[in-house]
Structures are given as structure tokens and as C-alpha cells.
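None of the figures in this text is laboratory data; all of them are computed from the coordinates on show. Quick caveat: nothing in here was measured; it's all calculated off a predicted structure. Here the Cβ positions follow ideal geometry from the backbone for every residue, glycine too, while neighbour counts run over all protein chains shown.
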Amino acid sequence: MKARLGAVLFGIGVLCLVLAAGAAFFVAPTVTKLPYDLTLCNAEGKPEGCLKPSIAVAENAKFLQLKKDAPPTIQTGRLEATTEVAPQAGVTEVEMTGDLEGEAVVWGAYGTVKWTQTGEVISQYSAELALDRQTAAAVGWGKQFLQADGPEGPSEVTFGGQVYKFPFHTERKDHEYFDRDVRKALPIRFDGTEKIDGTEAYRFKQVIEETDLGLPADRVSALLGAFAPGATSGKVIYSNTRTIWVEPVSGNFVKVREQQKKMLVPDQGTSTALLDADFVYSDQTIANSIESAGTNRDKLLLIGRTIPLALLVVGALALIVGLWLVLSGRRATAAARHRADGDDEGGATAPAPRAPAKQQEVSSGAPVPDGEAKRR
């Protein structure tokens with residue numbers, strides 16, 4: 001009985017180990033990939049797990065306002081930058097072929113900056129790019145584009161590095177992060193660990209030193225005419241200190257801060273600040289981001305760590321107990337057989353020796369005289 005029960009437990013143990021390996025090496029990798037489709041949230045923030053827009057706010061910002069048929073002006077006020085991303089399942093199915101098939105997804109991105117006091121739109125951009133499903137880094141795709149600050153059509157761009165997300169299981173190391181203004185990926189340094197509303201996050205910092213944006217001559221001339229009439233040439237200098245807090249398991253942003261500056265530098269006259277704004281995720285965006293990152297983190301840890309470890313422990317215990325029962329059962333059976341064999345050999349009774357028979361006097365067959373008989 002013990003041996004039979006042990007064999008059953010041993011089989012269960014082997015099955016648990018196989019399931020643990022399957023969960024760790026086959027199931028977990030499938031959930032640590034960007035899905036092909038995600039649902040955008042409605043006005044009530046439903047359905048559960050939907051994509052919510054990110055909102056960053058800059059208080060007392062100084063910024064350039066451009067209006068049709070009016071000269072550019074510098075304003076001061078509260079800016080609100082809204083960013084939305086939307087996976088393009090249909091485009092992915094058609095465009096991600098060859099080496100990109102199954103390995104990349106296409107995302108659309110849309111950004112709007114509004115002056116909250118008036119509701120006026122200050123700037124907008126739209127983009128479409130391909131992201132590696134595992135690392136979330138931009139990959140080469142011939143139809144990627146970025147359209148920003150102008151009615152002209154989409155312009156060619158080469159996205160690279162991280163854009164809207166960090167890799168699953170983000171490591172404490174430097175990465176590359178794409179900047180829309182300079183239109184290339186630049187290093188973003190690991191800057192430590194910090195808790196954001198109770199959630200542990202990796203902090204990354206990217207410092208972009210003063211860089212000439214190389215704007216078209218006609219745009220620079222229009223700015224010079226408004227803010228430096230005596231200048232014959234000039235340039236727009238951009239700088240930014242970008243800090244991103246990342247939940248490391250999911251790779252999701254939980255907080256973003258960008259300290260942006262743009263200066264018009266003429267060859268004559270004084271420089272003019274076209275933008276001086278400190279954008280930080282709103283409290284509601286931080287709360288939404290932490291909730292979303294926590295949900296994704298728990299799912300990834302459950303499938304990639306908790307379930308495999310539980311199956312591993314249960315399988316190992318079942319193997320050990322099962323093996324012990326099998327061996328002890330076999331020993332018990334062997335001992336019982338040995339006792340049975342001993343009883344058969346030592347317990348049988350040998351035939352008792354016969355007692356010697358009394359000697360009988362055998363007559364010779366002749367009659368015995370009466371006197372002789374009596375004497376006897």
C-alpha cells in the first residue's frame with residue numbers, strides 16, 4: 001500500500017516540476033510582451049485595465065503663443081500636456097512582416113499642450129512608430145513618422161531607444177531615451193531607487209545640454225522679426241532635464257518630470273525665452289500610473305515567479321515523500337517475505353525416531369512342556 005501511494009505521489013511530483021518549468025519558460029515569456037491590442041478608456045475610465053491618458057502640468061510657465069494672422073507673443077500661465085498612446089492592431093497585422101512579425105507592434109501617439117486659463121491649444125504632435133514587444137524600444141520601420149507644431153504633413157524620423165515605456169524587468173543601468181525635439185535617442189542614466197506613493201520605482205535622469213534645434217530659416221526669421229528686429233540671423237537653443245520614475249517589473253512610468261527650456265538666440269540683441277516650463281505628472285496621473293503598474297506587476301510576478309515556485313516546492317515535496325514511501329514500502333515487503341521464508345524452514349517438525357521394540361522370544365515351533373512353561 002505504501003509503495004502504491006508513493007508511486008502516485010512521485011508521479012504528482014514529476015508533473016508539478018514539468019508544470020513549473022512550463023510556467024517559467026513558456027507561459028511567463030508570453031505575458032512579458034506588449035500585447036497586440038489594448039483598450040482605450042472611456043470618459044468614466046472603463047473598462048478595467050484600459051489605457052488612460054497621461055497629464056503633466058507646468059505651473060507659471062513661460063511659453064510662445066502662435067496665432068494665425070497675429071504676431072507671436074510670449075505668455076505666462078498654467079500649461080497642461082496630455083499624452084495618449086493607442087496600439088494599432090490593424091496596422092501591426094499588415095505592416096509587421098518579415099523579422100518584425102510577432103516581434104513588434106505599432107503604436108500611435110498623440111500629444112496636446114493647452115493653456116488652461118484660456119483653453120487655447122499651444123502645441124500638438126502626433127506620431128506612429130513600431131516597438132519591440134519585449135524591450136518596448138523603438139525598432140526600424142519604414143512608415144514611422146512624427147508630426148509636430150505645424151500644419152505640414154508627417155515628417156520622416158528615425159525613432160530609437162525607449163519612448164513610452166521601459167523594458168519588462170527593467171535593470172538598474174543606463175538606457176537610451178528618444179527626445180522629440182532633437183529627434184534622436186540620447187542616454188538616460190539610472191539615478192537611484194525611490195518610493196512614489198508607496199511604490200518602489202527606479203529613477204532615471206536624462207540631461208540634454210543646450211542644443212541648436214536647427215529650425216528652418218523661415219521659422220527663425222519670423223521669430224527674429226517679433227523679438228529681435230535688428231538681428232540678421234539666429235537660432236533656437238533647447239535644453240531639458242527629464243526625470244522618469246519606472247516601476248521595474250512592468251516597466252511602466254509612474255511619474256515623469258521635464259524641465260524644458262527653449263531660447264531664441266539672435267546674432268544681435270538679447271535672447272528671448274520661448275519656453276520655460278517645469279512639467280510634472282498630475283496627482284491623478286500618478287495615482288492611475290501606480291494602479292496600472294501594480295496590476296501589471298502582480299500579474300507578471302504571479303505567472304513568472306509565484307506559480308512556478310509553488311509548483312516547484314509542491315513537486316519537490318511530493319517527489320521526496322513519494323520516494324520515501326516507495327522505498328519504505330519495498331523494505332516492509334522484503335522483511336515480510338524474509339520472515340515467511342524463515343518460518344517455512346525452521347518451523348517444520350522432523351519425524352520422531354521410533355522407540356526400540358521389545359525383544360520377543362521366538363519359539364522354535366516345538367511344543368513347550370508344561371513344566372518348562374511354568375518356569376518361564
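Fully extended, how many nm does the chain gain between Ala217 and Thr73 (0.36 nm per residue separation, minus their Cα-Cα distance)?
Contour length minus Cα-Cα distance gives 49.9 nm.
Cut-off is 10 Å between beta-carbons; in what order do Glu209, Glu291 appear when sorted fewest neighbours first?
Least to most surrounded, the residues fall as Glu209, Glu291.
For Val207 and Asp191 in the same chain, what is the full-extension length gain: residue separation times 0.36 nm, less their Cα-Cα distance, in nm?
4.6 nm
Which of Trp141, Trp107, Trp245, Trp324 comes first, and how do the rest follow, when ranked by fewest Cβ neighbours within 10 Å?
Trp324, Trp141, Trp107, Trp245
Compute the FRET efficiency between Glu291 and Leu327 as 1/(1 + (r/R0)^6), taking r as their Cβ-Cβ distance and R0 = 41 Å, and round to the nearest 0.05.
0.20
Of Leu79, Leu64, Leu327, how do they rank once you tally other Cβ atoms within 10 Å and put the fewest first?
Neighbour counts put them in this order, fewest first: Leu327, Leu64, Leu79.
Could you pull the Rg and Dmax for the range 144-246, using just the Cα atoms, both in Å?
17.7, 55
According to a simple spin-label model (label point 7 Å from Cα along Cα-to-Cβ), what is the distance in nm between Lys173 and Ala273?
Spacing of the two 7 Å Cα→Cβ label points: 3.9 nm.
At R0 = 56 Å, how high is the FRET efficiency between Thr232 and Glu84 if r is their beta carbon distance? Nearest 0.05 is fine.
The formula returns an efficiency of 0.85 here.
Each label point is 7 Å from the Cα along the Cα-to-Cβ direction; what then is the distance between the points at Glu156 and Arg180, in nm?
If labels sit at Glu156 and Arg180, their model points lie 2.2 nm apart.
Residue by residue, what Karplus-based ³J(HN,Hα) values in Hz, rounded to whole numbers, does the range 205-215 have, using 6.51, -1.76 and 1.60 with θ = phi - 60° and x for Gly and Pro?
Coupling constants for the range 205-215: 10, 10, 10, 9, 5, 3, 9, 6, 6, x, 5 Hz.
Counting only C-alpha contacts under 8 Å and six or more residues apart, can you give the relative contact order of the range 32-281 as a whole percent?
In percent, rounded to a whole number, it is 15.
Report relative contact order for the range 174-283 in percent, whole number only (criteria: Cα-Cα under 8 Å, sequence separation at least 6).
Normalised by residue count, the contact order of the range 174-283 is 20 percent.
Taking 23 Å as the cut-off for C-alpha to C-alpha distance, list the pairs among Lys52/Lys143; Lys143/Lys165; Lys195/Lys262; Lys67/Lys205; Lys52/Lys255 that go past it.
Those over the limit are Lys52/Lys143; Lys195/Lys262; Lys67/Lys205.
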